[in-house]
Amino acid sequence: MRQGALVVVTRRLPDAVEARMRELFDVRLSADDRPLSREALVAAVESADVLVPTITDRIDAGIIAAAGDRLKLIANFGNGVDHIDVGAATARGITVTNTPGVLTEDTADMTMALMLAVTRRLPEGARILPDGEPWPGWSPTWMLGRRITGKRLGIVGMGRIGQALARRARAFGLSVNYHNRRRLPVETETALAATYWASLDRMLARMDIVSIHCPHTPATYHLLSARRLKLMKPDAVIVNTARGEVIDEQALIAMLERDELAGAGLDVFQHEPAVDPRLMRLAKANKVVLLPHMGSATLEGRIDMGEKVMVNIRAFLDGHRPPNRVLPSML
Ligand code: 8YV
């Protein structure tokens, strides 16, 4: 890697991260924080030695093909890399890194928050007083939600975030169930009091709450298909803080409209940032809670993500293997 390698960052990052990047690298930062157009992204990969993208940049095979010979590292600001064609990058000798581990707890917190928001009707309740509706006072039968203690939680994808959710869920008195490509070691299962279901279908049919925590890969696209969603109990709730593509969103919407599921808490969508208008209508009818991809949105988390990005770039520029390399075989 030549001296004075140019690092191009596609979005604004926390001030502390940008300040440190200026000290460490010859860096071109985003002035206006707008998602880059395809043309702007092409221009970025033509001139950069290192690109720092986010989920808002679609780095497909076409973008990789347009990259200049200088581009050697894509240091993603984020954990999921489904917006990057890692195979195409690797084939061109471009290394890809991500930021695992530092958004685990924040995302698990947000999952619990969404779970409670749906079951205890938080957004609906929180609007009543500010909206100026007359409130005659407490009533034994008004605004009743559903208890989560004693219910069965099914975690789809038991990696770092799934396990962090399991720890929280236990404290809330939920029974923890999970489905994963690989069964966890027995010590981990015991520590989490988690029950493994080899069959996702069977697990779905028994759960009160299902929460998605697997990455989006070709193998998990619409993992929660129309057929599988129909296996769920009509009073069950689904929560997704992973990727919209893991659930067949149209099938989910149709079921929610027909009251074939009790509710959903969604932080991610299949065509982000576009959100299906039918979902908006369901939210207005208080059948779903929608968040604009806020799972990892804490200042601390974003600074930690920036740190990881910088460590990966520094190691790479100094000729070392960056700690958070993503290989096609990992996906
Ligand atoms: C990130 C996420 O903030 O890291 C991830 O995979 O989904 C987000 O919470 C986002 O991807 C930033 O690129």
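The values are calculated or read from the model by the stated rules, or taken from the named source; none is laboratory data. Owing to the predicted nature of the structure, the values given are computational and were not obtained by experimental measurement. Every residue, glycine among them, receives a Cβ derived from its backbone with ideal geometry; neighbour counts consider all protein chains shown.
For the reader, a short list of remarks on this structure follows.
- Note on the range 34-62: residues that are over 20 Å from His216 (Cβ atoms) and either touching a residue at least 60 places away in the same chain (Cβ under 8 Å) or more than 16 Å from the ligand (Cβ to nearest atom) (or both) amount to 13.
- Where a residue in the range 129-151 is surrounded by 10 or more Cβ atoms within 10 Å (Cβ to Cβ) and its partner, wherever it lies, is outside any loop (DSSP other than H, G, I, E, B) and of a type outside the set (Val, Ile, Thr), with Cβ under 8 Å and at least six apart: Met143/Glu124; Met143/Gly125; Ile148/Met115; Ile148/Leu116; Gly150/Ser175; Lys151/Ser175
- Test: residue in the range 30-46 that is surrounded by 23 or more Cβ atoms within 10 Å (Cβ to Cβ), within 24 Å of the chain's Cα centre (by Cα) and either among the charged types (D, E, K, R) or modelled with pLDDT under 95 (or both): no
- Members of the range 50-63 that are surrounded by fewer than 22 Cβ atoms within 10 Å (Cβ to Cβ) and either among the acidic types (Asp, Glu) or closer than 16 Å to Val7 by Cα (or both): Thr54, Asp60
- Some residue of the range 159-182 being hydroxyl-bearing (Ser, Thr, Tyr) and surrounded by fewer than 23 Cβ atoms within 10 Å (Cβ to Cβ): yes
- Top-ranked residue of the range 63-97 - restricted to ones that are in contact (Cβ under 8 Å) with a residue 40 or more places away in the chain and charged (D, E, K, R), ranked as farthest from Pro218 (Cα to Cα): Arg70
- Scanning the range 90-107 for residues that are touching a strand residue (DSSP E or B) at 6+ places or on another chain (Cβ under 9 Å) and within 12 Å of the ligand (Cβ to nearest atom) yields Asn98, Thr99.
- From the options Leu256, Leu252, Leu266, Leu261, residue that is away from the ligand (no atom under 16 Å from the Cβ), under 19 Å from His293 (Cβ atoms) and surrounded by 19 or more Cβ atoms within 10 Å (Cβ to Cβ): Leu252
- A count restricted to the range 63-89 and to residues that are among the acidic types (Asp, Glu) and away from the ligand (no atom under 16 Å from the Cβ) stands at 1.
- Verdict on Thr190 being free of Cβ contacts under 8 Å to residues at least 24 places away in the same chain and out of contact with any Ser or Thr (no Cβ under 9 Å at 6 or more places or on another chain): yes
- Within the span defined as the range 280-290, every residue fails to be within 14 Å of the ligand (Cβ to nearest atom), more than 25 Å from Gly4 (Cβ to Cβ) and not in a loop (DSSP other than H, G, I, E, B).
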